[in-house]
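Before any comments, here is the structure.
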Amino acid sequence: MTPTYIFNVTFVSNLNEVSIMYRMNNPSVISRMVVNESGLVQRLTWNGRDQRWIGIWSAPKDQCDGYSQCGKNSNCDPYKADDFICNCLPGFEPESPREWYLRDGSKGCIRKPNVSTCHSGEGFVKLARVKVPDTSMARANMSLSLKECGQECSRNCSCTAYASADERGIGCLRWHGDLVDTRTYTEVGQEIYIRVDAAELAKYRKSRPLAKAGIQAALIVSVGVALFLIVFLVCCFIRKKKRGKQIPSAVIPEH
């Protein structure tokens, strides 16, 4: 069955404007969008039969939808149910460890001390499935590929991160300075490359083969267990079949 949508959404993003427009598919449907005193945005439609407004969409959905929930140079992950939602980005540490320990990430993170990220063997660490930082101060160049974007960022010591300009991998975004309002998603999002010092880069490169080895080991164990179960079931079947053939026939006594 084809789903029926209440309204169409038109998003425009070009050199002249960035805008979003909602158009009702059924002109008889009355809809409105409101922002309440706590900052909650709601889309509501009017139910004429019950004479009341029905909520069909709202934002924010979780803690990380709030702007800069974890401060600068950090990442907000709402899916860590039993842990603090804020994490410092690679190469950074909490600016206020005490407040961070108390689960207040508002001050964010700062670059780890006594490290150099300028022509000292530094590199970039990739974060996947994230909302990229606030782009209001980012530099955009739609003619560059992701590889060229990384090269441009690497040459400029003030460049702290880079990413594709959109989820299709087109264009280049570069950040110079603090990275603000980054968050994690489970399935959607983009990839961003964070500038780190040589020691931090080596740590991430070392952890990557270990993670890959762990996946391979788990796969080997799973296949081994599956093969063992198959062999065990086949042996049981053959043994049962042999026992059936060995049952002696009944002896009828002579009268």
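The values are calculated or read from the model by the stated rules, or taken from the named source; none is laboratory data. Just so it is clear, the structure is predicted and the values come from calculations on it, not from any experiment. Every residue, glycine as well, gets a Cβ built from its backbone with ideal geometry; the counts of neighbours run over all protein chains shown.
Remarks
- Among residues of segment 101-147, those that are more than 14 Å from VAL196 (Cβ to Cβ), of a type in the set (Val, Ile, Thr) and exposed (fewer than 15 other Cβ atoms within 10 Å of the Cβ), counted: 1
- Of all residues in segment 179-190, those that are surrounded by fewer than 20 Cβ atoms within 10 Å (Cβ to Cβ) and either in contact with a strand residue (DSSP E or B) (Cβ under 6 Å, 6 or more places away or on another chain) or in a strand (DSSP E or B) (or both) total 5.
- Check on VAL132, in contact (Cβ under 8 Å) with a residue 40 or more places away in the chain and touching a Lys or Arg at 6+ places or on another chain (Cβ under 8 Å): no
- Residues of segment 109-168 that are hydroxyl-bearing (Ser, Thr, Tyr) and part of a helix (DSSP H, G or I): SER154 alone.
- Residue list for segment 191-206, filter: among the acidic types (Asp, Glu) and either surrounded by 19 or more Cβ atoms within 10 Å (Cβ to Cβ) or at pLDDT below 95 (or both): ASP197, GLU200
- When the residues of segment 148-164 are filtered to those that are under 30 Å from PHE11 (Cα atoms) and either under 16 Å from the mean Cα position of the chain (by Cα) or among the basic types (Lys, Arg) (or both), the one that is surrounded by the fewest Cβ atoms within 10 Å (Cβ to Cβ) is SER164.
- Candidates are the residues of segment 26-49 that are out of contact with any strand residue (DSSP E or B) (no Cβ under 7 Å at 6 or more places or on another chain) and of a type in the set (D, E, K, R); the one that is nearest to GLY66 (Cα to Cα) is GLU37.
- Filter pass, ASP83 being among the acidic types (Asp, Glu), surrounded by 10 or more Cβ atoms within 10 Å (Cβ to Cβ), out of contact with any Pro (no Cβ under 8 Å at 6 or more places or on another chain) and assigned to a loop (DSSP other than H, G, I, E, B): yes
- Of all residues in segment 165-177, those satisfying the criterion of being crowded, with 19+ Cβ neighbours inside 10 Å and at pLDDT 95 or above are CYS172, LEU173, ARG174, TRP175.
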